[in-house]
Amino acid sequence: MELEQNNYLIAAAVCCVLAALAHAGCILFGADWYRFFGAGEAMAQMAEKKLWYPTVVTAGITAVLLIWAAYALAGAGVLSGLPLTRTALILISAVFLLRGLAFVWLMPKFPENSLTFWWVSSSICLVIGSLFAIGTVQRWQVLSSSA
């Protein structure tokens, strides 16, 4: 059975790749990018000092975003062979949606991040989480109706 293309999950994958590129840009271009994206002065200063922490944290986020993009493409029928695709898509949707909604509780834990960072990043997370959630539900409906 050939799967119908799922544009919501493809859009989610594109968003994840773009977010991963922005994070990779912080690693490559340093403190100014951390400041521009509102990651906080502490991260920017650590990047200026060439400390390992910003690079490792940002590389980890980049890797996760790329893995999540691959799962979105697997759910969309573009890639195949990823294990537990449905479960992963549900969890990814939940993480993005929770991150988007929970910023009020996260803000005090990261006081260096700007208010702009929290509003923009939380909005982006809500959009990407919605794309994942809608695409996942749509994929299940397609699979259920063809069974």
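At-a-glance table
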item	result
Top-ranked residue of region 74-95 - restricted to ones that are under 14 Å from the mean Cα position of the chain (by Cα) and farther than 19 Å from I124 by Cβ, ranked as surrounded by the fewest Cβ atoms within 10 Å (Cβ to Cβ)	I90
Residue among L89, L82 that is free of Cβ contacts under 8 Å to residues at least 40 places away in the same chain and either at positive phi or out of contact with any Cys (no Cβ under 6 Å at 6 or more places or on another chain) (or both)	L82
Test: residue in region 128-146 that is polar (S, T, N, Q), touching a Ser or Thr at 6+ places or on another chain (Cβ under 8 Å), in contact (Cβ under 8 Å) with a residue 60 or more places away in the chain and within 22 Å of A20 (Cα to Cα)	yes
Test: residue in region 24-38 that is under 22 Å from W118 (Cβ atoms) and either charged (D, E, K, R) or under 12 Å from the mean Cα position of the chain (by Cα) (or both)	yes
Checking G38 against (1) modelled with pLDDT under 95; (2) out of contact with any Gly (no Cβ under 7 Å at 6 or more places or on another chain); (3) over 23 Å from V127 (Cα atoms), the condition it does not meet	(3)
Filtered residue count, region 96-112, keeping only those that are part of a helix (DSSP H, G or I) and surrounded by 10 or more Cβ atoms within 10 Å (Cβ to Cβ)	9
Positions within region 55-97 being of a type in the set (S, T, N, Q) and closer than 24 Å to W118 by Cα, in sequence order	T55, T58, T62, S93
Hey, T62 among the hydroxyl-bearing types (S, T, Y) and touching a Cys at 6+ places or on another chain (Cβ under 8 Å) or not	no
Members of region 36-52 found to be buried (at least 18 other Cβ atoms within 10 Å of the Cβ) and in a helix (DSSP H, G or I), listed by number	M43, A44, M46, A47
Which listed residue is assigned to a helix (DSSP H, G or I) and within 24 Å of A24 (Cβ to Cβ), from T55, T136, T87	T55
Every pair of residues 6+ apart whose Cβ atoms lie under 9 Å, when the first sits in region 39-62 and is in contact (Cβ under 8 Å) with a residue 40 or more places away in the chain while the second is assigned to a loop (DSSP other than H, G, I, E, B) and of a type in the set (S, T, N, Q)	A39/N113; A39/S114; G40/N113; G40/S114; M43/N113
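The values are calculated or read from the model by the stated rules, or taken from the named source; none is laboratory data. The model shown is predicted, which means the values in this text are computed figures rather than measured ones. A quick note on method: Cβ atoms are made from the backbone with ideal geometry, for glycine too, and the neighbour counts reach across all protein chains shown.
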